[in-house]
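Remarks on the structure that follows.
The values are calculated or read from the model by the stated rules, or taken from the named source; none is laboratory data. These numbers come from a predicted model, not from an experiment. So basically every Cβ, Gly included, is an ideal-geometry build from the backbone, and we count neighbours across all protein chains shown. The area values use the complete protein model at the heavy-atom level, side chains included, leaving out ligands, DNA and RNA. Shrake-Rupley method; radii C 1.70, N 1.55, O 1.52, S 1.80 Å.
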Amino acid sequence: MKIYLATGNLNKKREMSEIFPEHTIVIPRDEGIEFNPEETGTTFYENSLIKARALWSIVRCPVLADDSGICVDALGEAPGIYSSRYAGPEHMRGLPGAEKISQAEQNMMLVRQTNDALSRGADTEAGRRQGLFPNGPRSCRYVCAMVLYLGPSRLYVAQETFEGTLIERMEDARGDGGFGYDPLFVIPGTGRTAAELTAQEKNAVSHRGKAARAIQKIASSILQA
């Protein structure tokens, strides 16, 4: 079955095609559909639902949508839902006019801002009591909320995490796989960054992979390939 994926990100299309091999994953640009809904939600789930509803209203076919980002405990779980727009401490929610900086700049700023926060004592006992910093001062996690949208009255949701730690210096960034902040994201107990994993390895442990498998179980019982 053809499933529309509510994104313009080719990396996400590739990952979802690997996770849903029994279905044909199509993104709006594949069919010349203009798609750029305003993400006004305050949570990953809300933004995922906004995208799913917007694309379903155009195609009237099953839609998958996800919203994901990196949450750094030392930054109060920022940049979170603003991860793709993040532009440093002065522009946590993005630059005016929706202009985006390069991923390399985002990576550099995130490491620097985290270091600055930790130097000011961001890793506190209060934070630990709130369940933050499970992997030490540099604790971070990816979060993914995924929606399978079949219509206004029929939708399914899964939200998952991928725990890690942030590198200390940009010289420690490594790996050619993945995308986004993956070269900064170290998987505890492995010494490897998310960008050093193969696609199969990443899909087995990542936030998006885990959320997608939960949705896949639902889809397999209600959708025909």
**Q.** Tabulated pairs, region 175-187, first in contact (Cβ under 8 Å) with a residue 24 or more places away in the chain and on the phi > 0 side of the Ramachandran plot, second part of a loop (DSSP other than H, G, I, E, B) and open to solvent by less than 20 Å² (accessible area, probe 1.4 Å), C-beta under 9 angstrom, 6+ apart or interchain
**A.** Gly178/Ser206; Gly180/Ser83
Q: Enumerate the pairs (first residue in region 72-85 and within 16 Å of Glu105 (Cβ to Cβ); second residue anywhere and of a type in the set (Gly, Ala, Ser) and assigned to a loop (DSSP other than H, G, I, E, B)) with beta-carbon separation below 7 Å, excluding pairs fewer than 6 apart on the same chain, so at least 6 apart or on different chains.
A: Tyr82/Gly94; Arg85/Gly94
Q) Within region 93-136, how many residues are over 20 Å from the mean Cα position of the chain (by Cα), exposed (fewer than 10 other Cβ atoms within 10 Å of the Cβ) and hydrophobic (A, V, I, L, M, F, W, C)? A) 1
Q. Taking Glu38 and the conditions (1) open to solvent by 70 Å² or more (accessible area, probe 1.4 Å); (2) modelled with pLDDT of 95 or more; (3) farther than 22 Å from Phe179 by Cβ, which numbered condition does it fall short on, given that it satisfies the others?
A. (2)
Q.
List the helices (runs of 4 or more DSSP H) inside region 109-225, counting only whole elements, that have at least 2 residues being more than 30 Å from Thr7 (Cα to Cα).
A. 125-129
(Q) Just the residues that are open to solvent by 10 Å² or more (accessible area, probe 1.4 Å), part of a helix (DSSP H, G or I) and not β-branched (Val, Ile, Thr), please, taken from region 47-73. (A) Leu49, Lys51, Arg53, Ala54, Trp56, Ser57
Q: Collect the residues in region 92-133 that are over 19 Å from Met170 (Cβ atoms), touching a residue at least 12 places away in the same chain (Cβ under 8 Å) and acidic (Asp, Glu), keeping them in residue-number order.
A: Asp123
Q: Restrict the check to region 184-194 and report whether at least one residue is more than 17 Å from the chain's Cα centre (by Cα), open to solvent by less than 20 Å² (accessible area, probe 1.4 Å) and either acidic (Asp, Glu) or at pLDDT 95 or above (or both).
A: no
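Determine if region 82-98 includes at least one residue that is more than 28 Å from Thr124 (Cβ to Cβ) and of a type in the set (Phe, Trp, Tyr). Walk me through how you get there before you give the answer.
Residues of region 82-98 that are more than 28 Å from Thr124 (Cβ to Cβ), as a first pass: 84, 95-98.
So of that shortlist, the ones also of a type in the set (Phe, Trp, Tyr) come out as none.
No; the residues of region 82-98 include none that is more than 28 Å from Thr124 (Cβ to Cβ) and of a type in the set (Phe, Trp, Tyr).
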Q) Under the condition of being over 14 Å from Cys144 (Cα atoms) and surrounded by 15 or more Cβ atoms within 10 Å (Cβ to Cβ), which residue from region 203-225 is nearest to the chain's Cα centre (by Cα)? A) Gln216
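Yes/no matrix, rows are residues, columns are (1) among the polar types (S, T, N, Q); (2) modelled with pLDDT of 95 or more; (3) farther than 21 Å from Asn36 by Cα:
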position	(1), (2), (3)
Pro89	no, yes, yes
Ala104	no, yes, yes
Met108	no, yes, yes
Arg112	no, yes, yes
Ala122	no, no, yes
Gly131	no, no, yes
Asn135	yes, no, yes
Ser139	yes, yes, yes
Q.
Can you tell me which residue is surrounded by the fewest Cβ atoms within 10 Å (Cβ to Cβ) among those in region 171-183 that are modelled with pLDDT under 95 and more than 14 Å from the chain's Cα centre (by Cα)?
A. Asp176
Q. Given the conditions (1) of a type in the set (Val, Ile, Thr); (2) in a loop (DSSP other than H, G, I, E, B); (3) open to solvent by less than 60 Å² (accessible area, probe 1.4 Å); (4) touching a residue at least 24 places away in the same chain (Cβ under 8 Å), which single one is not true for Ile3?
A. (2)
Q.
I'm trying to understand the selection: among the residues of region 157-170, which are aliphatic (A, V, I, L, M) and either closer than 30 Å to Lys217 by Cα or surrounded by 15 or more Cβ atoms within 10 Å (Cβ to Cβ) (or both)?
A. Val157, Ala158, Leu166, Ile167
